[in-house]
Ligand code: HEC
Ligand code: HEC
Ligand code: HEC
Ligand code: HEC
Ligand code: HEC
Ligand code: HEC
């Protein structure tokens with residue numbers, strides 16, 4: 001029943017899509033859709049009004065027509081696969097490639113003709129910028145609300161810490177005072193006590209000591225409680241941990257607004273244990289030509305001047321002089337603060353999760369969170385990073401968290417990797433649990449201490 005409904009819904013959507021595309025075939029190109037496509041695929045290298053990595057694309061249809069006598073057919077070929085076009089010996093394609101120092105433009109074989117027409121329509125007739133009210137509404141999105149809540153929670157936490165520290169300080173003062181009293185007492189006892197009997201004096205001291213002893217016990221008790229409470233607290237503090245970074249790099253602007261793929265920057269996640277922070281050269285691939293921020297999105301409290309200043313820091317770090325378009329050779333390292341960091345005795349491997357576990361993790365996550373589905377595997381563990389201006393830990397990253405997911409995630413036994421790797425095991429498990437049984441990560445060893453600990 002449910003799956004029938006799903007199909008029904010899909011059918012409706014398909015019909016809707018068909019109708020809308022067939023409608024727009026007659027409308028030449030849809031500039032609004034073109035704008036979206038342009039932002040997602042081209043802004044890394046092109047702007048309409050100025051040269052970035054590639055030439056300015058405003059009015060490009062007219063330009064190639066009047067200057068080169070080429071029509072949109074040529075543009076379609078170029079955008080779909082400029083390399084092939086160059087290889088075919090096309091004169092202008094090779095000319096412009098030379099002119100841009102043989103900088104490779106990405107090929108876009110996936111764009112349909114209609115989509116390319118939409119993009120070209122956008123470069124010819126860009127829609128007027130949206131009114132300011134919209135930008136303001138954009139700024140006050142839900143993301144900033146949650147971050148305000150997080151800030152409130154953080155300030156609550158620091159208040160609690162402050163109060164505890166103050167009470168501990170108070171107790172210490174009290175203890176010092178008591179000790180002083182004791183010392184004084186002993187001194188006076190010694191002076192006066194020459195004639196007094198030892199027994200009374202001892203009893204006196206014992207009584208005093210007993211009080212101090214009680215005080216110390218109470219103090220230790222409070223320390224222990226504080227320690228326990230603090231260790232509980234730390235879980236919360238790690239989750240949501242977002243240190244200040246040397247460059248204000250916004251994932252919302254890069255991965256969200258500009259839809260840049262996580263793995264373009266964190267490319268090593270696929271291949272190995274760590275998913276590194278990109279080097280400054282990766283930034284320069286784009287920022288050699290993006291010297292200013294002209295995006296519509298503004299985080300409340302930030303402005304263009306702020307973002308421009310942050311981009312300048314990339315140039316300072318790499319020694320790039322934007323005026324002469326050359327490297328000066330003077331570089332400064334950028335030291336990002338690590339946010340996620342497992343203790344040394346834990347073995348965590350990104351490739352195991354991002355490659356072998358990808359579909360299993362996405363499917364299982366979407367089943368558990370029907371209201372907040374994810375499309376990128378990273379988000380199952382790191383949260384909706386593409387909505388975060390500042391990355392913060394989205395989970396507590398404890399052993400319990402790893403194990404909870406291993407217990408509840410059904411492994412995809414048919415993906416290439418597992419099919420080979422677990423061939424024998426799979427047969428055994430089928431016998432043990434029956435062929436239709438669910439195999440979760442714990443069944444393939446995901447709860448064995450040695451798999452996660454050196
Ligand atoms: C990785 C950078 C990059 C991306 C992404 C990119 N381009 Fe380019 N594009 C270039 C470069 C560089 C050139 C100049 C020619 C060369 O060096 O190949 C160029 C040239 C062009 C030209 C020829 C311009 C002229 O003056 O004749 C067109 C048209 C074009 N790109 C369209 C697009 C479109 C549309 C997209 C997005 C779907 C896009 N490009 C994405 C880098 C890029
Ligand atoms: C344009 C490059 C770029 C893209 C695209 C990008 N990141 Fe990042 N990422 C960075 C940089 C730079 C840092 C270090 C600064 C920081 O923590 O914000 C970082 C930090 C992180 C961290 C924290 C690392 C730590 O210190 O523990 C996580 C997690 C992360 N990125 C996940 C993602 C995910 C998920 C995506 C896709 C939704 C993504 N990134 C897309 C550049 C990028
Ligand atoms: C794939 C292209 C690409 C890469 C790689 C890239 N950026 Fe950006 N960056 C952009 C775009 C696009 C914008 C937004 C420009 C606009 O809207 O006018 C931007 C904006 C920025 C801004 C201003 C907004 C903000 O996030 O604070 C900073 C700072 C910045 N980038 C830093 C970096 C750093 C540091 C790296 C390397 C770790 C990097 N970028 C890598 C494309 C890229
Ligand atoms: C199964 C959960 C999980 C998934 C899926 C996942 N990560 Fe991680 N990520 C972690 C853990 C755990 C760490 C801490 C690793 C450590 O400290 O050794 C981490 C650390 C990082 C770091 C900091 C550098 C490092 O390697 O320690 C970056 C950057 C990062 N992840 C990006 C990504 C990106 C991008 C993706 C998607 C391609 C992704 N992660 C998918 C759990 C995950
Ligand atoms: C979002 C769910 C999820 C989380 C969280 C998670 N894992 Fe996994 N893990 C998986 C899946 C799924 C696999 C199986 C991948 C496959 O198909 O081979 C896996 C496999 C593994 C394996 C290989 C097991 C084997 O027998 O080959 C290790 C080791 C591992 N994870 C360690 C960790 C550690 C350490 C953490 C916590 C820091 C963690 N995982 C958190 C989903 C998760
Ligand atoms: C799926 C991965 C995984 C498995 C399986 C696993 N651990 Fe852990 N373990 C972790 C992670 C991750 C941490 C670090 C947690 C943290 O830093 O908060 C940890 C921490 C620990 C600690 C330190 C305690 C602490 O609070 O820091 C001990 C002890 C430990 N594990 C023992 C074991 C034993 C014994 C087993 C087998 C029964 C086991 N672990 C199985 C992932 C795992």
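In the range 29-128 the Cα-Cα distances spread across 10 Å bins starting at 0 as 16, 53, 30, 2 percent of all pairs.
If you plug the beta carbon distance of residue 321 and residue 39 into 1/(1 + (r/R0)^6) with R0 = 30 Å, you get a FRET efficiency near 0.55. Just want to confirm a number: the relative contact order over the range 281-335, from Cα pairs under 8 angstrom separated by 6+ residues, in percent. Relative contact order, the range 281-335: 27 percent. Both numbers refer to the Cα atoms of the range 49-99; Rg and Dmax are 10.7, 30 Å. Legend: calculated FRET efficiency, residue 167 to residue 101, from the Cβ-Cβ distance at R0 = 51 Å, rounded to 0.05, equals 0.15. The fraction of all Cα pairs in the range 281-335 landing in successive 5 Å bins from 0 to the largest distance is 5, 18, 30, 21, 14, 9, 3, 0, given as whole percents. Full extension of the chain between residue 396 and residue 207 yields a length gain of 63.2 nm, computed as 0.36 nm times the residue separation minus the alpha carbon distance.
For the range 254-406, pairs of C-alpha atoms spaced more than 29 angstrom apart make up 29 percent of the total.
Extension gain for residue 403 to residue 285 (0.36 nm times residue separation, less C-alpha to C-alpha distance): 38.6 nm. With the simple spin-label model, which puts each label point 7 Å out from Cα in the Cβ direction, the residue 355 to residue 66 separation comes to 5.2 nm. Put simply, when 368-380, 99-111 are sorted by average Cβ atoms within 10 angstrom per residue, most first, you get 368-380, 99-111.
Bear in mind that the values in this text are calculations on the coordinates, not laboratory data. This one's a predicted model, so the numbers in the text were calculated from it and none came from an experiment. A quick note on method: Cβ atoms are made from the backbone with ideal geometry, for glycine too, and the neighbour counts reach across all protein chains shown.
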